[in-house]
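**Q** The structure is given below, and queries will be raised subsequently.
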Amino acid sequence: MGKNFPQTQLDDIEPSAVQEIVSSLKQLHDKGRPQSDAEVRQRIDDYFAFCEESSIRPGIESLALSLHISRQTLYRWGNGEDCSRERSEMIRSAKSLIGAFIEQSMLQGKISPPSGIFIMKNWLGYKDTVSIEENLPVEKNKPALTWRELPKLDMEGGTADEF
């Protein structure tokens, strides 16, 4: 396989880096699932503090891991499903912070733009969109013809005026 095959790249990670990352992720995982909104808020604060102090960079998967939930549950909570309004706002705020981190990392040259764009599409719902309406020429609507302006039809020997 070529050098770009993902397994080859994973094999290139130094064992000490693997140990450090796994150890950090295990610490996040071992905290268990918070139950109340107050515990979720504290866990999110602890998560970002942990990211500042460790080799873990803020991301959607590691945020979900720190809350001991799936990525799908994180997205549902962010959309206000199966949780309180307060919890939904906390999740959206945390995702915004992660998005800002990715954006700033790209702008500072720490993440390549294609990688950053890929991450933002997958984690944060960014999309490539083209609005057809914006690209069409603007035409003014003309009023419809009145019945008198319609073409005269020859219906069985008669004209439209006869009907």
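**Q** Scan (1) surrounded by 14 or more Cβ atoms within 10 Å (Cβ to Cβ); (2) farther than 20 Å from F50 by Cβ; (3) among the polar types (S, T, N, Q) for the single condition S66 breaks and write down its number.
**A** Among (1) surrounded by 14 or more Cβ atoms within 10 Å (Cβ to Cβ); (2) farther than 20 Å from F50 by Cβ; (3) among the polar types (S, T, N, Q), the lone unmet condition for S66 is (2).
**Q** Do we have R76 as in contact (Cβ under 8 Å) with a residue 24 or more places away in the chain, charged (D, E, K, R) and either under 16 Å from R41 (Cα atoms) or outside any loop (DSSP other than H, G, I, E, B) (or both) here?
**A** no
**Q** Can you name every residue in the range 86-111 that is surrounded by 15 or more Cβ atoms within 10 Å (Cβ to Cβ) and not in a helix (DSSP H, G or I)?
**A** Result: I111, single match.
**Q** Can I ask one more? May I ask you to verify whether P114 is more than 30 Å from R43 (Cα to Cα), modelled with pLDDT of 70 or more and not in a loop (DSSP other than H, G, I, E, B)?
**A** When the stated conditions are applied, P114 passes them.
**Q** So, one more: Can you confirm whether the range 33-44 contains a residue that is within 20 Å of L124 (Cα to Cα), modelled with pLDDT under 95 and among the basic types (K, R)?
**A** no
**Q** So how many residues does the range 39-70 have that are among the small types (G, A, S), within 14 Å of L97 (Cβ to Cβ) and assigned to a helix (DSSP H, G or I)?
**A** First pass over the range 39-70, keeping only residues among the small types (G, A, S): 49, 54-55, 59, 62, 64, 66, 70.
Now restrict to residues that are within 14 Å of L97 (Cβ to Cβ): 49, 59, 62, 66.
Pick out the ones that are also assigned to a helix (DSSP H, G or I) and you get 49, 62, 66.
Selection size over the range 39-70: 3.
**Q** Looking only at residues that are among the small types (G, A, S) and under 16 Å from K95 (Cβ atoms) in the range 27-63, which one is surrounded by the fewest Cβ atoms within 10 Å (Cβ to Cβ)?
**A** Our first condition is that a residue be among the small types (G, A, S); within the range 27-63, this holds for 32, 36, 38, 49, 54-55, 59, 62.
If we keep only those that are under 16 Å from K95 (Cβ atoms) as well, we get 59, 62.
Working: G59: 15, S62: 20.
My answer is G59.
**Q** Among L124, L74, which is the only one that is in contact with a helix residue (DSSP H, G or I) (Cβ under 8 Å, 6 or more places away or on another chain) and modelled with pLDDT of 90 or more?
**A** It is L74.
The values are calculated or read from the model by the stated rules, or taken from the named source; none is laboratory data. This one's a predicted model, so the numbers in the text were calculated from it and none came from an experiment. Neighbour counts are summed over all protein chains in view; Cβ atoms, including those assigned to glycine, are modelled from backbone coordinates with ideal geometry.
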